[in-house]
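Trainee: Take a look at the following structure, please.
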Amino acid sequence: MCGRFFVVGESENELLARMIREADRRKAALTGEGGVAMGEVFPASAVAALAVGKSGRIGAFPMLWGFKRPQGRGLIINTRSETALEKPMFRASMLDRRCLIPCSWYFEWETRRGQTDILDDEMSFQTLKTASDKQKKSQQAVKIKYAIRPKAPGIMYLAGIYRYEKDSPLPALSILTRTAAEDIAFIHDRMPVIFSEAHKALWLDRSCDPQTALLSCETDMTHRAA
């Protein structure tokens, strides 16, 4: 899945900086306030996203991360790419409203359980109780945070879909997910769909079948502790 991602500072990547500035200008024009998220980005943030504009050209636009759920109960921040075309909520967006979120890496958490203590037959009751308490504590889940990205250098692009929502000046987006690549499957069984610079236009091309475009996503991944 994808619950957070990271956008480096404007001084570190000029191409990414131009996208941020373009989306920022559009946000200011639409809402009266500039500022799209940078650094560690969380759901509900306004982010820079590439999409095909009314002119037919690709541009950077401000979008809110997360579709509103029916009755306003939370946000849909991720959508399964394998079934999105089958669901009425996502079908139109998969066909006509695709976007890409440029970023540097995304974050995921591995859940680990502690090791079980081995108890000796001759332990006293008090020692046994203490050991039991330690065992319970050791079995609590531990979350380990990783920064993940393709092995190839450069900007990575998270594949998304967007829609227009009532009473919002900005469109909302959801990030598509897929089965995790083999290198990172031990961290989580899902990952975002990611495109490289070379293949990003394919996802934004509405004449291209979305399932065909998804075949060109990145699968050779690297990770590090964050």
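Trainee: Tell me, what ³J(HN,Hα) does each residue in the range 172-183 have, in order and in whole Hz, if you take phi through Karplus 6.51 cos²θ - 1.76 cosθ + 1.60 with θ = phi - 60° and put x for Gly and Pro?
Mentor: Using θ = phi - 60°, the values come out as 10, 10, 10, 8, 6, 10, 8, 4, 5, 5, 4, 5 Hz.
Trainee: Something else: When the chain is fully extended, how far beyond the present Cα-Cα distance does R113 get from E14, taking 0.36 nm per residue of separation? List each step's numbers first, then the result.
Mentor: Numbers: separation 99, 0.36 × 99 = 35.64 nm, distance 4.20 nm.
Gain on extension, R113 to E14, equals 31.4 nm.
Trainee: So between Q211 and F186, what do we pick up on full extension, going 0.36 nm a residue minus the alpha carbon distance? Don't skip to the answer; put the middle values down first.
Mentor: Working: separation 25, 0.36 × 25 = 9.00 nm, distance 2.58 nm.
Length difference between fully extended and current span is 6.4 nm.
Trainee: Rank the residues S168, S207, S196 as a footprinting-exposure proxy: fewest other Cβ atoms within 10 Å of their Cβ go first.
Mentor: Numbers: S168 13, S207 4, S196 16.
Arranged by neighbour count, lowest to highest, S168, S207, S196 become S207, S168, S196.
Trainee: Hey, fewest Cβ within 10 Å first, where do I20, I144 land in order? Each step should come with its number before you reach the end.
Mentor: Working: I20 24, I144 12.
So the residues, fewest neighbours to most, are I144, I20.
Trainee: Further, regarding this structure: With 14 Å as the cut-off, how large is the P(r) tail for the range 1-80, expressed as percent of Cα-Cα pairs? Let's see the in-between values first.
Mentor: On the way: 2072 of 3160 pairs.
Of the Cα pairs, 66 percent sit more than 14 Å apart.
Trainee: Let me ask something additional. If amide hydrogens are placed 1.01 Å from N in the peptide plane, which non-local residues have theirs closer than 5 Å to the one on W105?
Mentor: It is F6, by chain and number.
Trainee: Between K151 and S55, what is the FRET efficiency for a Förster distance of 35 Å, r being their Cβ-Cβ separation, to the nearest 0.05?
Mentor: On the way: r = 35 Å, r/R0 = 1.00.
Plugging the Cβ-Cβ distance into 1/(1 + (r/R0)^6) gives 0.50.
Trainee: So which of K68/K145; K68/K166; K151/K200 end up more than 19 Å apart, counting from Cα to Cα? Kindly include the intermediate steps, with their values, before the conclusion.
Mentor: Details: K68/K145 27 Å; K68/K166 10 Å; K151/K200 16 Å.
Over 19 Å apart, Cα to Cα: K68/K145.
Trainee: Follow-up question, since we're still on this one. Based on DSSP H runs of at least 4 residues, each adding -39500 (n - 2.57), what is the mean residue ellipticity at 222 nm of the chain after dividing by all its residues, to the nearest 500 deg cm²/dmol? Intermediate values should be presented prior to the final figure.
Mentor: Numbers: 5 runs with 51 residues, N = 226.
Rounded to the nearest 500, it is -6500 deg cm²/dmol.
Trainee: When Y106, Y146, Y164, Y157 are ordered from fewest to most other Cβ atoms inside 10 Å of their Cβ, what list results? Please list the in-between numbers first.
Mentor: On the way: Y106 23, Y146 19, Y164 11, Y157 26.
So the residues, fewest neighbours to most, are Y164, Y146, Y106, Y157.
Trainee: Follow-up question, since we're still on this one. For the chain, the longest stretch holding no trypsin sites (Lys or Arg not before Pro) located in a DSSP loop with at most 14 other Cβ atoms within 10 Å is which? Let's see the in-between values first.
Mentor: Values: sites that count: K54, R57, R73, K151, K166, R206.
Result, exposed sites excluded: 74-150.
Trainee: Continuing with this model, one more query. Provide the percentage of antiparallel DSSP beta bridges, counting only those with both residues in the chain; round to the nearest 5. Please report the intermediate quantities before stating the final value.
Mentor: Details: 44 of 49 bridges.
Within the chain, antiparallel bridges account for around 90 percent of the total.
Trainee: Can you tell me the FRET efficiency between E86 and D167 if r is taken as the Cβ-Cβ distance and R0 is 35 Å, rounded to the nearest 0.05? Provide the component values of the computation, followed by the final result.
Mentor: Details: r = 28 Å, r/R0 = 0.81.
Once rounded, the FRET efficiency stands at 0.80.
Trainee: Next up: In nm, give the distance between the simple-model label positions of L95 and Q71, each being 7 Å from the Cα along the Cα-to-Cβ direction.
Mentor: Rounded to a tenth, the inter-label distance reads 3.0 nm.
Trainee: So for the pair F6, T219, with labels modelled 7 Å out along Cα→Cβ, what separation do we get in nm?
Mentor: 2.7
Trainee: Which of the GluC sites (Glu not before Pro) across the range 1-101 are loop residues per DSSP, with 16 or fewer other Cβ within 10 Å? Let's see the in-between values first.
Mentor: Details: sites: E10, E12, E14, E22, E33, E40, E82, E86; in loops: E33, E82.
For GluC sites (Glu not before Pro) across the range 1-101 that sit outside H, G, I, E and B with at most 16 neighbouring Cβ atoms in 10 Å, the list reads E33, E82.
Here, each number is a calculation from the coordinates, and none is a lab measurement. What you see is a predicted model, and the numbers here were worked out from it, not measured in a lab. Using ideal geometry, Cβ is built from the backbone for each residue, glycine included, and neighbour counts are taken over all protein chains shown.
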